[in-house]
1. Looking only at residues in segment 65-87 that are more than 14 Å from the chain's Cα centre (by Cα) and assigned to a helix (DSSP H, G or I), which one is modelled with the highest pLDDT?
2. Can you confirm whether residue 9 is more than 15 Å from the chain's Cα centre (by Cα), in a helix (DSSP H, G or I) and loosely packed, with under 10 Cβ neighbours inside 10 Å?
Amino acid sequence: MRKPRDFDAELKALEDKARELKTRKLQQLGDLVIAIGADTLTAEELAGALLVLAETKDPGRREAWARRGAAFFQGRARQSAPASERDPVSTAAQPVGAQPPSGGTGAA
């Protein structure tokens, strides 16, 4: 005769595994924030930059950010990035919709 399955034990094991994976993911995100130096930003600045990234639909910018991230993970993060790749990151801290006046830096 077959041994009946212990569904409760299987469910508990899956819940434990899910909790472990979530904890590991959170730890890795924290390690990444520290590794790239983003721990020097305030929580508001970091959240704002991440919101801009999440809201960006321009595939060119997203690809540039992806290339820069891949370079970081390959150990080339300290090399100077071209201005086209630096620009989207420097504007990430600006509020959505906030753009400099078209006339330049001074008042009219």
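1. Within segment 65-87, the subset more than 14 Å from the chain's Cα centre (by Cα) is 71, 74-87.
Now narrow it down to the ones that are assigned to a helix (DSSP H, G or I): 71, 83-87.
Values: 71: 92, 83: 49, 84: 49, 85: 48, 86: 47, 87: 46.
The selected residue is 71.
2. Working: more than 15 Å from the chain's Cα centre (by Cα): yes; in a helix (DSSP H, G or I): yes; loosely packed, with under 10 Cβ neighbours inside 10 Å: yes.
Considered against the rule, which asks whether it is more than 15 Å from the chain's Cα centre (by Cα), in a helix (DSSP H, G or I) and loosely packed, with under 10 Cβ neighbours inside 10 Å, residue 9 comes out as yes.
Residue by residue, here is whether (1) modelled with pLDDT under 95; (2) exposed (fewer than 11 other Cβ atoms within 10 Å of the Cβ) holds:
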| site | (1), (2) |
| --- | --- |
| 14 | no, yes |
| 20 | no, yes |
| 29 | yes, yes |
| 36 | yes, no |
| 49 | yes, no |
| 54 | yes, yes |
| 57 | yes, yes |
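The values are calculated or read from the model by the stated rules, or taken from the named source; none is laboratory data. Everything quoted here is computed from the prediction, not taken from an experiment. Heads up, the Cβs are rebuilt from the backbone with ideal geometry, glycines too, and the neighbour counts pull from every protein chain shown.
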